[in-house]
Amino acid sequence: MSEPPGAVALAEAPSAGLPPRHRPTAQRVQPLRRPGRWIATATVLVLVAQFVHGLVTNPFYQWDRFGYWFLRPTILDGLLITLEVTAWSAVLGLLGGILLALARLSRSPVLRAASWTYVWALRSVPLIVVLLFLYNFSALYETLSVGVPFGPAFLTFDESRLATDMAIAVIGLSLNEAAYAAEVVRGGILSVDQGQHEAASALGLPKGYQFRRIVFPQALRSITPNYVNQLIGLIKSTSLVFYVSLLDLFGTAQSMGSTYPGDIVPLLLVVTVWYLILTSLVSVVQFYVERYYARGATRSLPPTPLQRLRTGLRDLRERARREAAV
């Protein structure tokens with residue numbers, strides 16, 4: 001559709017008759033200035049620089065001794081025990097949490113009451129108390145038996161031989177972890193839209209198949225970030241197994257600190273750095289697991305760190321090219 005004959009003339013008329021110095025000219029739009037943001041950024045950078053400078057220059061940290069202890073075989077043995085306890089406790093705790101969550105959502109009042117009582121009790125009792133109670137469990141029950149309830153026993157076990165330091169640590173952490181994982185799993189299942197349950201029931205699918213293939217995969221989008229947060233807490237909680245005579249990473253550092261009192265600070269720094277490495281690796285795994293289960297829930301998957309880096313470098317090149325052209 002063509003414009004009326006006088007359209008261009010009318011549009012140019014207001015400025016056509018003005019002197020050149022009074023005619024409007026194109027101006028570059030200036031971004032809104034935010035001095036508060038720049039001040040906060042400068043303050044944070046100064047504080048970070050001071051903190052790093054103190055870490056590097058303060059002789060109290062004894063970085064030479066830190067380097068000596070960081071990869072010592074005794075420290076690595078303790079790290080291996082920490083990883084083993086964490087892996088077993090995470091798997092058993094998650095499985096127990098799933099069973100407790102299903103019991104809590106069951107129609108059976110007995111199962112609901114038992115699950116609620118377990119979660120209430122284990123979340124109320126400190127983990128160190130649970131570990132110490134299990135460590136002294138043989139004083140209460142010298143033997144364990146399998147048989148008819150309130151009747152004869154078919155098999156009898158010596159509890160003191162079964163309850164090794166590793167078994168006590170794994171059982172105690174798993175029992176505690178299951179109570180928290182149960183609420184995480186229950187919240188994830190409840191987050192699934194009710195229409196998904198109704199659609200699966202309308203198709204006549206078995207309840208077990210509905211849970212495995214429809215409900216639980218969708219619930220994992222909510223369960224994953226919350227349970228990984230629990231997993232990070234579990235990694236740090238393994239430091240308590242030192243009190244049941246299991247020399248994990250923290251226990252080994254404590255033992256070496258007693259033998260070499262002058263190296264207590266470097267040993268604590270070694271433990272701190274190793275825990276930072278472990279939790280960072282878990283966070284990386286969490287990102288990719290969340291990204292995997294986000295398929296179909298978002299229009300586009302969140303970019304990976306490598307993709308963000310490439311995008312940032314491309315934007316910098318484009319900005320430099322534009323500024324060079326001007």
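The values are calculated or read from the model by the stated rules, or taken from the named source; none is laboratory data. Please read these numbers as outputs of a predicted model, since none were measured by experiment. Please note that ligands, DNA and RNA were not included when accessible areas were found on the heavy atoms of the full protein model with its side chains. Shrake-Rupley method; radii C 1.70, N 1.55, O 1.52, S 1.80 Å.
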### Query
Accessible surface of residue 84 in the full protein assembly, 1.4 angstrom probe, to the nearest 10 Å²?
80 Å²
### Message
What figure, in Å² to the nearest 10, do you get for the accessible area of residue 83 with a 1.4 Å probe and non-protein molecules left out?
### Response
80 Å²
### Query
Over region 152-297, what is the mean sequence separation of C-alpha contacts under 8 Å (at least six apart), divided by residue count, expressed as relative contact order in percent?
26 percent
### Message
Probe radius 1.4 Å, ligands and nucleic acids left out: which of 248, 193, 165 has the largest accessible area, and how do the rest follow?
### Response
193, 165, 248
### Query
Of the accessible area of region 41-98, with the probe set at 1.4 angstrom, what percent is carbon plus sulfur?
76 percent
### Task
Report ³J(HN,Hα) in whole Hz for each residue of region 100-111, in order, from the Karplus equation J = 6.51 cos²θ - 1.76 cosθ + 1.60 where θ = phi - 60°; Gly and Pro get x.
5, 5, 5, 5, 5, 8, 6, 7, 7, x, 5, 5
### Query
Once phi is turned into ³J(HN,Hα) by the Karplus curve 6.51 cos²θ - 1.76 cosθ + 1.60 with θ = phi - 60°, what whole-Hz value does each residue of region 58-65 show in order, with x for glycine and proline?
6, x, 4, 6, 6, 5, 5, 6
